[in-house]
């Protein structure tokens, strides 16, 4: 039974800590929240961090440098009966628990445990979604970049819970617990990449949509894959190539009408030079609260110079995305920028996570000070 | 098409699956138990999601493994198809804000959820039970696989597995979304007595096929238990039941019906046998009904005063009698009829008989005035007797009330039905009494019915050894004779009395009416078997239908003609059945 295995691994980890002459103080089930709170908008947080130091983007697509047109109509929606573009949909989810503190000499260090999962759903030509691939891991996250405890844990093998460590010291003043939670999100991203790369039976022409960004080197090797973000940073400043014209992103978004996109952009000085992106309006503003709603950010790997083929591809993908706006998940949060197959994938992956009550019982229940 | 070769050899009939929808039963998982926070499995029911592509309907039987290998068998009551749309607005917005042509690329997550009531559990071994096993009502666990129940499980759930072959009465066919149709067997001891008795059928006129069901059931009873059973049937609608011993028209019993009879192990369906028809003298000519009356056992019936002097209360049962004067006179006639003689010369001369002559005929009674004062009471005797005679004249005006039934008086014999019942009713007999000509004279119809009921009870009381073990009385439009309400007529009282105690005496009522709520509750509450055909929702909301749950009522509202929901005391759950047409000739309209 999986829960027996989890409990055994948890005990083994605690035994390793004890043998390292440290003391484990488990979290209080009554004093602590059941699950670590996740940021409300992780997509935007990541995007803000991406554009934090350098927010200049340039048009990759060729745009009239004297009279730049920043809203490009893409035509009618492309249904799957006409062109079945998007076949696979990937999303990940995690649930992080505060496990307790490790007291060593005069210091104490938090320890978290996180359940991470990734699901891929496949859609057939009739519009029915089927499970494609599913991955699930439980990790224990420790802040130790080196040391005896890390050495003790690394020297053992664990079946159900995998110990994970910070690779570098967090910035001074940064809360260690939130740094460990960020590590869990990073591990989720790693699992997403691994799942996408190893998707079985995927054929040419079957595009994969990944919820969120694809700013990770392994993602960038994937063919026929886009990242689709429902939320994004407002920081970018878009500069028209070879021109003095530049606009802030909200101004450009404001000008987008339904079924229009921005020109394809690239970060002028970016870590991923082949990563291109654009913004696409799914819903007209008169149905929404403000003009920043109803827009998605699309990321894709495009190598080399801009071409007619690339333009046709972007148009095709944009038309297919417009067709994905129905059905909606109204009145869920961000329904206007969420596409239903990703929502289904999200529901699928969330339902693979164990009950928080069971996880807490395994981690914290029946354990006193070790 | 009717085909004699096929009829002779039932095995050559096409299999039911070629005629009716069928799926393999019992072997494949059709879904899994879904127990949620808000809708958990319980000791009385559970829900399960249904695998895509599996057809399931209300009243299907399913089976789930439970505690210690026992199996819980349930009846599907309601089927839902939820989606993840939070509200109708979600679906409206999903149509691009009301564009009927809009279509999304992805189908919404949806499934089919079947809500099920537990009918039975096969049990776990226990020394504290007669059958060696005790039923378990432990809730079935989430994710347990669900199967269509196989034949044995359905029979067990309905209690048919312990039915002795000699007690099995086929009562209809259970159609299932999976598996072959299954015959429903009732325990005859709960239909004909003594454990329970009486059958009542209700449903919308013209659609519910109430009379057809009762006649079908009666035909099977006469086939299976005709050596112990007789039947008395009242024809109330046109000439519907005046040809029940004739073969049906070619093609009337079609392949569908023959297959149902085959499922019911009924072999070759044929009309009733040993049928005697009794027509009201002067109200219907036998020659107008049958082309060749000599080929029929058809007779006339009539009533002389000497036949029914003790049943004037039945005759007057529709008359309001607040001072009980009519009741008093009727009682006197019943008790002292033999001593009633004309003492008054003037009265005697009016009917041209000598003084001292005994009162014998209706005519005599109409002119008789020598009632004792204590019978008439302290009121105005002329007025009281006048009232009595006025009603007597009116009520005996139909032609069936005669002064002499003999062939000398009527040119052919007319029989007194009470005598027929008492003296010549034997096992295997079917007596059809035509009362349709009096459909606008409810009092006369009530008298005829009441007379037979009363004489039958007397016969069972006084002459039990000569009577059949069981006699079935079939009365349609029961609401005319036993309406709901507190004012019961003498006839109503007789029928209620029969409903209460008839099973012990061997008399069973088969009754039908359009609206169950329109008959007295003591009739249907004493029926061990109740059936409901298609019925409107307004009627179903009345308290007479409280024996059906909400989901069953929803199904009742959409039944087809020839479908019924049957509730029997011996069965743990209502059962949805179909039945074939009764195999006799119908009147051509």
- prompt: Looking at the stretch A:286-323, which of its residues are within 11 Å of chain B (Cβ to nearest Cβ), buried (at least 18 other Cβ atoms within 10 Å of the Cβ) and out of contact with any strand residue (DSSP E or B) (no Cβ under 7 Å at 6 or more places or on another chain)?
  reply: A:322, A:323
task: Hey, can you tell me all the residues within the stretch B:96-129 that are at the interface with chain A (Cβ under 10 Å from one of its Cβ atoms) and more than 30 Å from residue A:341 (Cβ to Cβ)?
output: none
query: Is the stretch B:53-75 home to any residue that is more than 30 Å from residue B:138 (Cα to Cα) and within 14 Å of another protein chain (Cβ to nearest Cβ)?
result: no
- request: Could you list all residues from the stretch B:254-270 that are over 15 Å from residue B:170 (Cβ atoms) and in contact with a helix residue (DSSP H, G or I) (Cβ under 8 Å, 6 or more places away or on another chain)?
  value: B:255, B:256
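Just the residues that are more than 16 Å from residue B:263 (Cβ to Cβ) and either at pLDDT 95 or above or not in a loop (DSSP other than H, G, I, E, B) (or both), please, taken from the stretch B:174-190.
If the condition is that a residue be more than 16 Å from residue B:263 (Cβ to Cβ) and either at pLDDT 95 or above or not in a loop (DSSP other than H, G, I, E, B) (or both), then B:187, B:188, B:189, B:190 are the ones that fit.
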- prompt: In the set A:67, A:84, which member is in contact (Cβ under 8 Å) with a residue 12 or more places away in the chain and farther than 26 Å from residue A:160 by Cβ?
  reply: A:84
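If I filter the stretch B:545-555 for residues that are surrounded by 23 or more Cβ atoms within 10 Å (Cβ to Cβ) and assigned to a helix (DSSP H, G or I), do I get at least one hit?
yes
Within the stretch A:330-341, restricting attention to residues that are touching a residue at least 12 places away in the same chain (Cβ under 8 Å) and more than 7 Å from chain B (Cβ to nearest Cβ), which residue is surrounded by the most Cβ atoms within 10 Å (Cβ to Cβ)? So that I can check it myself, show each step before the final result.
Pass one, the stretch A:330-341, residues touching a residue at least 12 places away in the same chain (Cβ under 8 Å): A:334, A:336-341.
When the remaining residues are screened for being more than 7 Å from chain B (Cβ to nearest Cβ), the result is A:334, A:336-339.
Details: A:334: 13, A:336: 22, A:337: 23, A:338: 23, A:339: 28.
Across the stretch A:330-341, the extreme among qualifying residues is A:339.
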Selected residue (only one of A:328, A:296 is at pLDDT 95 or above and closer than 24 Å to residue A:231 by Cα): A:296
- prompt: residue A:187 versus (1) out of contact with any helix residue (DSSP H, G or I) (no Cβ under 8 Å at 6 or more places or on another chain); (2) over 21 Å from residue A:42 (Cα atoms); (3) modelled with pLDDT of 90 or more: which is the lone unmet condition?
  reply: (2)
Verdict on residue A:24 being over 30 Å from residue A:344 (Cβ atoms), touching a helix residue (DSSP H, G or I) at 6+ places or on another chain (Cβ under 7 Å) and away from chain B (no Cβ under 14 Å): yes
message: Can you say whether residue B:41 is away from every other protein chain (no Cβ under 14 Å), crowded, with 21+ Cβ neighbours inside 10 Å and in a loop (DSSP other than H, G, I, E, B), as far as the supplied structure shows?
response: yes
- line: residue B:323 meets each of (1) assigned to a loop (DSSP other than H, G, I, E, B); (2) touching a strand residue (DSSP E or B) at 6+ places or on another chain (Cβ under 7 Å); (3) at negative phi with one exception, condition (2)
- prompt: Restricting attention to the stretch B:197-215, does a residue exist that is buried (at least 23 other Cβ atoms within 10 Å of the Cβ), over 30 Å from residue B:468 (Cα atoms) and over 23 Å from the mean Cα position of the chain (by Cα)?
  reply: no
field: Of residues in the stretch B:76-90 being touching a helix residue (DSSP H, G or I) at 6+ places or on another chain (Cβ under 6 Å) and closer than 30 Å to residue B:155 by Cβ, the one nearest to the other protein chains (Cβ to nearest Cβ)
entry: B:78
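When residues of the stretch B:297-311 are filtered for being free of Cβ contacts under 8 Å to residues at least 60 places away in the same chain and not in a strand (DSSP E or B), how many remain?
Of the residues in that region, 4 qualify.
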statement: residue B:93: passes all of (1) within 14 Å of chain A (Cβ to nearest Cβ); (2) buried (at least 19 other Cβ atoms within 10 Å of the Cβ); (3) on the phi > 0 side of the Ramachandran plot but (3)
message: Pairs needed: first member in the stretch A:342-361, under 22 Å from residue A:213 (Cα atoms) and within 14 Å of chain B (Cβ to nearest Cβ); second member anywhere, surrounded by 14 or more Cβ atoms within 10 Å (Cβ to Cβ) and modelled with pLDDT under 90; C-beta distance under 7 Å; at least 6 residues apart or different chains.
response: A:344/B:109
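Filter the stretch B:378-391 down to residues that are in contact (Cβ under 8 Å) with a residue 60 or more places away in the chain, over 15 Å from residue B:441 (Cβ atoms) and out of contact with any helix residue (DSSP H, G or I) (no Cβ under 6 Å at 6 or more places or on another chain), then give me how many there are.
Matching residues across the stretch B:378-391 total 1.
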query: Regarding residue A:43, is this residue surrounded by 17 or more Cβ atoms within 10 Å (Cβ to Cβ), closer than 21 Å to residue A:281 by Cα and either within 14 Å of another protein chain (Cβ to nearest Cβ) or within 21 Å of the chain's Cα centre (by Cα) (or both)?
result: yes
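The values are calculated or read from the model by the stated rules, or taken from the named source; none is laboratory data. Note that the coordinates shown come from a computational prediction; the quantities given were computed from them, not determined experimentally. For neighbour counting, all protein chains shown are included, and Cβ atoms are generated from backbone atoms with ideal geometry for every residue, glycine included.
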